[in-house]
Amino acid sequence: MLRFLVFSDLHLEDCTDGLARLDTILRHAQEEQVEFIVSLGDLCFPTDSYSPVMDRLRSCGIPVHHTIGNHDVQDWDIADSLRFLGKLRPYEAFEAGGYKFIILDTCYWKSEAGEFHFPNKQRIPSLYPVLPQEQLTWLEQQLSDGKKYIIFSHMSLVNPFARRGIANKEDVQKLFAGKDILLCMNGHDHGSDLKWVNGVPYYTISSASQFCWWGGDPPRVENLFYKDPLHVIVEVDESEIRILGMESEFAALKPEDVGVYDYRWNGVDVHPIAQSQVLPRKK
Ligand SMILES: [Fe+2]
Ligand SMILES: [Fe+2]
């Protein structure tokens, strides 16, 4: 059985207790002796003032695999973010426990002029993220070796709500057809969700820190922090995948305080939980 820990959207720049949150996550990973840790992006701004984040991740004694999130490249080039994270490539694959793990970089958008990586220096609102052609070609190659795959991305590969997921969902799903895709996991939506599409489970993990709400007139942003740093441990064996989640509480403001009464927002569930799930493996 293979076990790994996944967290996402720590957004250290928004938190006063982000390092303590990270310490709690890393302590749990050490106690549970997981094989590796995956960050699904939006970790922190890639500047010297956040270097204690990387110091902790580098010294925790467990390999950490990073996914690029839009806030990791909000005001910086991808090269700056890669340097900060100690990552060689924005998308990559690795193997562990007989499985192949593929980390995508979904922080692109497309216009008539071509495909561009964030940052969105013009601050164009409502950009629709996309998995660019170069990465689709690479992904197709990666999926050609008959292995069992688990896919990580920052943006959802299936969420159709308000341009949260990538625009070219069908292109990716076509590449998955006939392949043994055990699980896809993403962050970015600051809520939780599970969708099955063509026999593939797509799991969205809540932020480790907060439900980030925006709206109102005049427009404003509210960070609704959780008391605990949400994260999951994933166990994979021959018969099933177990996602071991956790529950927390809102520390102060709750969704109803910003007018979200049904706890659904941007296509996800914004209860302060990281959903537990038991997913049967495809036969
Ligand atoms: Fe985020
Ligand atoms: Fe994000």
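Taking the conditions exactly as written (within 24 Å of residue 12 (Cα to Cα), of a type in the set (Lys, Arg) and within 16 Å of ligand 2 (Cβ to nearest atom)), does residue 164 satisfy them or not?
Answer is yes for this residue.
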Number of the condition not met by residue 27 [criteria: (1) of a type in the set (D, E, K, R); (2) surrounded by fewer than 21 Cβ atoms within 10 Å (Cβ to Cβ); (3) over 28 Å from residue 135 (Cα atoms); (4) within 16 Å of ligand 1 (Cβ to nearest atom)]: (4)
Which of the residues belonging to region 220-259 are over 24 Å from residue 17 (Cβ atoms) and either at pLDDT below 95 or of a type outside the set (Val, Ile, Thr) (or both)? 235, 237, 238, 239, 240, 242, 259
Take residue 47 and decide whether it is at pLDDT below 95, over 29 Å from residue 148 (Cα atoms) and more than 15 Å from ligand 2 (Cβ to nearest atom). no
Identity of the residue in region 65-77, in a helix (DSSP H, G or I) and in contact (Cβ under 8 Å) with a residue 40 or more places away in the chain, that ends up nearest to ligand 1 (Cβ to nearest atom): 71
Look at region 88-99 and say how many of its residues are more than 14 Å from the chain's Cα centre (by Cα), in a loop (DSSP other than H, G, I, E, B) and under 27 Å from residue 1 (Cα atoms). 2
Does region 109-131 contain any residue that is farther than 16 Å from residue 183 by Cβ, in contact with a Pro (Cβ under 8 Å, 6 or more places away or on another chain) and hydroxyl-bearing (Ser, Thr, Tyr)? no
Criterion violated by residue 102 - all others in (1) closer than 25 Å to residue 243 by Cβ; (2) among the aliphatic types (A, V, I, L, M); (3) surrounded by 17 or more Cβ atoms within 10 Å (Cβ to Cβ); (4) more than 16 Å from the chain's Cα centre (by Cα) satisfied: (4)
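The values are calculated or read from the model by the stated rules, or taken from the named source; none is laboratory data. Computed from a predicted structure; not experimentally measured. When we count neighbours, we look across all protein chains shown, and the Cβ atoms used for this are built from the backbone with ideal geometry, even at glycine.
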